[in-house]
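Peer 1: The structure that follows is given in the form of structure tokens.
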Amino acid sequence: MTLTLDDVTLRLGDGDDEITALDRVSLTVAAGELIAVVGPSGSGKSSLLAVAGALLRPTSGRVRIGTEDITDASDRDRTAVRARSIGFVFQGSNLLPSLTALEQLQLIPDLAGQRPSAARARATELLTEVGMAERLGRRPGRLSGGERQRVGIARALMNDPSIILADEPTSALDTERSHEIVRLLARETHTRQVATVMVTHDTTVLDLVDRIYTMADGRLTVGLTSASRPTETSLLAPG
């Protein structure tokens, strides 16, 4: 399915403390497309993911997943949208330290009351697919940073989502592991025909994505294709 943000504005706070986190942002991400959004801290990248992921409701504009307009959905319906259609890949993997790799993936289906045998089979299949078949029983403390992010990507795929939203998935990794993770994310995006948005400060991985956007002061500039990849880190301000 396609992810569409149409003229989205998001204002946070009240009165003199109000800020415009997103300023008339329009974005379309097609099924099977991996885009990167780059920009300095505080530019609105996290707000973009929050709105796209049905975590925040925009002040104005529309948000659609496929043909479904989720802009005015109730909190209960938005929760259902996230469970049904969206997979999140967090900065630093965000795994629970007491659970094994297999249990990380089984947790949400278990809480939802799904059959344990089906959840275990699905989790095992996904972890095998991302190269973690030999690490199913290991807890995060016994996994490398790259392995933890592989588990995070597999977890994001557990609900067979239409949309993947990745927040700085390579921030804690070296260059080699960063490329490994983004190549995996790109492979899963293209193979599964998922619309994927990756927020990143890492310019070394931008040649692996399909399109690049820049965020500044809540505004999103027109993207470049990977064929027009940037060669200078000036795309990003420090922060």
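The values are calculated or read from the model by the stated rules, or taken from the named source; none is laboratory data. Since the structure is predicted, the reported quantities are computational estimates derived from the model, not experimental observations. Positions of Cβ are backbone-derived with ideal geometry, glycine not excepted, and every protein chain shown enters the neighbour counts. Side chains included, ligands, DNA and RNA excluded: accessible areas come from the protein's heavy atoms. Shrake-Rupley method; radii C 1.70, N 1.55, O 1.52, S 1.80 Å.
Peer 1: I'd like the Karplus ³J(HN,Hα) series for segment 73-78: coefficients 6.51, -1.76, 1.60, θ = phi - 60°, whole numbers in Hz, and an x wherever there's a Gly or Pro.
Peer 2: Each residue of segment 73-78 in turn: 5, 5, 4, 5, 5, 5 Hz.
Peer 1: Given springs between every Cα pair under 10 Å in a Gaussian network model of the chain, which of 59, 191, 100 has the largest fluctuation?
Peer 2: 191
Peer 1: Which angle from 0 to 90°, rounded to the nearest 10, does the C-alpha axis of helix 175-192 make with the longest principal axis of the chain?
Peer 2: So the helix axis and the longest Cα principal axis differ by about 90 degrees.
Peer 1: For a protection proxy built on the mean count of beta-carbon atoms within 10 angstrom, sort 77-90, 33-46 highest first, please.
Peer 2: The most tightly packed comes first, giving 33-46, 77-90.
Peer 1: On to the next question. Using a 1.4 angstrom probe on heavy atoms only, work out the carbon and sulfur share of the accessible area of the chain in %. Please report the intermediate quantities before stating the final value.
Peer 2: Details: 5440 of 11370 Å².
Answer for the chain is 48 percent, counting heavy atoms of protein chains only.
Peer 1: For the chain, find the longest principal axis of its Cα atoms and tell me its angle to the long axis of helix 101-111, 0 to 90°, nearest 10.
Peer 2: Helix 101-111 sits at roughly 70 degrees to that axis.
Peer 1: For the chain, take the longest principal axis of its alpha carbons; what is the angle in degrees between that and the long axis of helix 145-156, to the nearest 10 within 0 to 90?
Peer 2: 80 degrees
Peer 1: Assign one of three labels to the chain, namely rounded, prolate or oblate, based on the Cα gyration tensor with a ≥ b ≥ c the square roots of its eigenvalues; rounded applies when a/c is under 1.5, prolate when it is not and a/b is larger than b/c, and oblate otherwise.
Peer 2: Judged from the Cα gyration tensor, the chain comes out oblate (a/c at least 1.5, b/c at or above a/b).
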